[in-house]
1. From the residues in the stretch B:72-102 that are small (Gly, Ala, Ser) and outside any loop (DSSP other than H, G, I, E, B), which one is farthest from B:Tyr48 (Cα to Cα)?
2. From (1) touching a strand residue (DSSP E or B) at 6+ places or on another chain (Cβ under 7 Å); (2) more than 14 Å from chain A (Cβ to nearest Cβ); (3) under 30 Å from A:Tyr29 (Cα atoms), pick out the condition that doesn't hold for B:Ile38.
3. Answer yes if at least one residue in the stretch A:26-48 is within 14 Å of chain B (Cβ to nearest Cβ), farther than 25 Å from B:Lys120 by Cβ, more than 17 Å from the chain's Cα centre (by Cα) and modelled with pLDDT under 95, and no otherwise.
4. A:Lys147 fails exactly one of the following numbered conditions: (1) under 21 Å from the mean Cα position of the chain (by Cα); (2) under 17 Å from A:Phe39 (Cα atoms); (3) in contact (Cβ under 8 Å) with a residue 40 or more places away in the chain. What is the number of that condition?
5. From B:Ala31, B:Ala57, B:Ala41, which residue is among the hydrophobic types (A, V, I, L, M, F, W, C) and over 19 Å from B:Ile115 (Cα atoms)?
6. If I go through the stretch B:56-87 residue by residue, how many of them are more than 10 Å from chain A (Cβ to nearest Cβ) and not basic (Lys, Arg)?
7. What number of residues within the stretch B:33-60 satisfy the criterion of being closer than 19 Å to B:Met126 by Cα, touching a residue at least 40 places away in the same chain (Cβ under 8 Å), out of contact with any Gly (no Cβ under 7 Å at 6 or more places or on another chain) and not in a helix (DSSP H, G or I)?
8. Condition first: assigned to a helix (DSSP H, G or I), in contact with a helix residue (DSSP H, G or I) (Cβ under 7 Å, 6 or more places away or on another chain) and either more than 10 Å from chain B (Cβ to nearest Cβ) or closer than 19 Å to A:His41 by Cα (or both). Now tell me which residues in the stretch A:72-109 satisfy that.
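The values are calculated or read from the model by the stated rules, or taken from the named source; none is laboratory data. This structure is a prediction, so every number in the text was calculated from the model and none was measured. Please note: Cβ atoms are built from the backbone with ideal geometry, for glycine as well, and neighbour counts cover all protein chains shown.
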Amino acid sequence: MKNKTRIILMAGVIAISAAFTVNVAGGKYMTKNGKVSFFSHTDMEDIKGDNNKVASVLDSKTGKMQIEILVKSFVFKKALMEEHFNENYMESTKYPKSKFDGKIDDINAIDFTKDGTYKSTVSGNLTIKDKTNSVKTNGTFTVKDGKLNGKAVFKIKLADYNVEIPAVVKDKIAKELEITVDLDYLALK
Amino acid sequence: MFKRILLFIIIIGIIVAIASYMWNKPHKDIAAAKEDFILSATQFYKEYSTDEVASNAKYLEKVIAVEGVLFEIQLENPDEPTVALSTAEPDLTVRCGFKKELLEDVKKLKVGDKIKIKGKCDGMDMFGVVMTQCSLIK
């Protein structure tokens, strides 16, 4: 009898702590190795930079979303492009981190428990160098096997973020860059 | 006159050669470069969490050899297999991104392994210190 009580008590404790764990972690997603690329197209030249170390957390209950991008993690095909990007345009030693602080506008449009593709705008503040601007873009969210992928493609103007392009190369670099965000989130355990 | 034309052609040739070398100059080979700093993952993160600005001034873009215990292998981004080293803080790590050609090297590792990695320091984000262009030091 004593043993039985003990087992029931233990099962109860386990059940409660399991429920508690689910509750605490409930709805948080994160990625430590997300991808952000930018693309500059002009008749003279195409330039592409890829960053595979993008960090992000996403709260599926509130829709709150945070992204951090270390500028030095961008890789380019040509070493010279990478050098110019870091030293001249982004001043990445002075401003090593770009950030996005925002939210999924229509969080109810996404059923995180059901596989499928959902759409909602994402809006918030984008900080590049020392400039912060509010941005809004269309996001596509794909739920599959408990994982979540978030994708967005949008354009930014270099002038909005104090990125100055010297006259000599101004025909090679577009005034608007296309930014592609591709984040494979894992559910936070 | 002929000499002068020849000289002119040679000078133009040199300028073109330098320009095309600069334009096509290869990426710095971090794996072959001598490390600027050797330290443990714990120490590396501790310095960064204490003073991010000073640590950036000291470590950004430098070649670092970091020693530590493998916390996690992260393969969710196929373009950059990643190895995270433990620090004194739970869940905060030193993340080391490898080129995808080195996937097999990364797959051979196991959680708990004591390893030494060389890479370029990119700074700190919400999950810890980040290094890219990493390779294993045998």
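1. B:Gly97
2. So B:Ile38 meets the others, but not (3).
3. Applying the first criterion (within 14 Å of chain B (Cβ to nearest Cβ)) to the stretch A:26-48 yields A:28-37, A:44-45, A:47-48.
Keeping just the survivors that are farther than 25 Å from B:Lys120 by Cβ gives A:28-29, A:44-45.
With more than 17 Å from the chain's Cα centre (by Cα) added as a condition, the list becomes A:44-45.
Imposing the further condition that a residue be modelled with pLDDT under 95 reduces the set to A:44-45.
Yes: one or more hits.
4. Failing condition for A:Lys147: (2).
5. Among B:Ala31, B:Ala57, B:Ala41, only B:Ala57 is among the hydrophobic types (A, V, I, L, M, F, W, C) and over 19 Å from B:Ile115 (Cα atoms).
6. Result for the stretch B:56-87: 15.
7. So the count comes out to 0.
8. A:Leu80, A:Asn86
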